[in-house]
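Q: Quick one: this structure, given as structure tokens, is what I'll be asking you about.
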Amino acid sequence: MSSIVRKSLKEIMREKIRSGEWKPGDLIPSERELGEQYGISRMTARQAITELVNEGLFYREQGKGTFVSRHKITQQLINLTGFTEDMKARGQRPDSRVISAQMIPADEALAERLHIKVDQMIFRLQRLRLADEEPLAIEISNLSFMGCERLLTEDLEKNSLYRLLEEKYGLPLMEAEQELEAGLMSSEESQLLKVSVGSAGLFMRRTTYTERDLPIEYAKSIYCGNKYVFFTHMKREQLMP
Ligand code: GLP
């Protein structure tokens, strides 16, 4: 029961950030106030707040209270989500600039990632991703599925790629594998992201699957190293006696 209540309080608080009612830097109500307002125990309110602190949406200041985070964007690493969803969950406005969108023949590395033949035509999309007009990441998505050339006609500045794939193309995204690596940005990358040359970046590679063993996307992204926190929740497996 309390985990359900806690979940909905988390959702309520997320919604307040999303809608702009709570802005970065705002002090949120105390556990006691939230408990009274929503008719739940102080303990349950505390747990919900702690979970959002762990996810990076709030931060605590000793003796002052809990505030809505300002700078870093937390991307959780548990559920398969896209950039648009991540930014919305964070209460920010996602945006994209298409740098290029074209059909290209798959080279050996891409063919291996996407389980296709070398030279098979795939759709390649390069976008600059922004949140509240601030550049956050550069993403190159390589997509392979029957009829992927139809993506050339889509407005990929206004639409979420994942949403299009699922809702318009009927391709449910089931799972993904992702690697993260720290590195330094090239001058072209830092220019696009409006950071100084040689800034730290988080380099991410993701293979997304529609069904097991059917990869649909292989994406490479560079996130501004100083603006992201990747969050993951871990559970220790029961040790065998
Ligand atoms: C994330 C992933 C990409 C994916 C993108 C889709 O950022 N790293 O692999 O292509 O989301 O985002 P959207 O649905 O906003 O276009």
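Q: Can you give the log10 of the normalised intensity I(q)/I(0) at q = 0.09, 0.11, 0.17 Å⁻¹, computed with Debye over equal Cα scatterers of the chain?
A: Per q value, in the given order, log10 I(q)/I(0) is -0.47, -0.68, -1.28.
Q: OK, next. Could you work out Rg/(2.2 N^0.38 Å) for the stretch 128-179, with Rg from alpha carbons only?
A: 1.27
Q: If I take the Cα coordinates of the stretch 35-137 and project them onto the principal axes, what are the three extents in Å, biggest first?
A: 62, 29, 24
Q: Among residues other than ILE140 whose Cβ falls under 12 Å from its Cβ, what is the net charge (Lys/Arg +1, Asp/Glu -1)?
A: +3
Q: Where a Cα-Cα gap under 18 Å defines reach, which aspartates and glutamates qualify for LYS117, not counting those fewer than 8 residues away within the same chain?
A: Filter leaves ASP107, GLU108, GLU149, ASP213, GLU217.
Q: Tell me which lysines have Cα within less than 28 Å of LYS227's Cα, excluding those fewer than 8 residues away on the same chain?
A: The reachable lysines, counting only those whose Cα sits under 28 Å from LYS227, are LYS7, LYS10, LYS16, LYS23, LYS64, LYS72, LYS88, LYS158, LYS194, LYS235.
Q: Rounded, prolate or oblate: which fits the stretch 116-205, taking a ≥ b ≥ c as square roots of the Cα gyration tensor eigenvalues, rounded meaning a/c under 1.5, else prolate when a/b beats b/c?
A: Prolate is the answer for the stretch 116-205, as a/c is 1.5 or above and a/b outweighs b/c.
Q: Counting pairs of alpha carbon atoms under 8 Å apart in space and at least six apart in sequence, what relative contact order in percent does the stretch 151-241 give?
A: Once normalised by length, the contact order is 22 percent.
Q: Please list the non-local residues whose amide H lies under 5 Å from the amide H of LEU171, H modeled 1.01 Å from N, same-chain partners needing a gap of 5 or more.
A: Excluding prolines and chain starts, which carry no amide H, the hits are GLU166.
Q: Counting each DSSP H run of 4 or more residues in the chain as -39500 (n - 2.57), what helix-only mean residue ellipticity at 222 nm follows after dividing by all residues, to the nearest 500 deg cm²/dmol?
A: Rounded to the nearest 500, it is -7000 deg cm²/dmol.
Q: Find which of SER144, LEU80, VAL98 sits farthest along the positive direction of the dipole of the chain, computed with +1 on the beta-carbon of Lys and Arg, -1 on that of Asp and Glu, about the Cα centre.
A: LEU80
Q: Quick one: putting +1 on the C-beta of Lys and Arg, -1 on the C-beta of Asp and Glu, what dipole do you get for the chain around its Cα centre, in Debye to the nearest 20?
A: 900 debye
No value in this document is a laboratory result; all are computed from the given coordinates. Computed from a predicted structure; not experimentally measured. All Cβ positions, glycine included, derive from the backbone under ideal geometry; neighbour counts span all protein chains shown.
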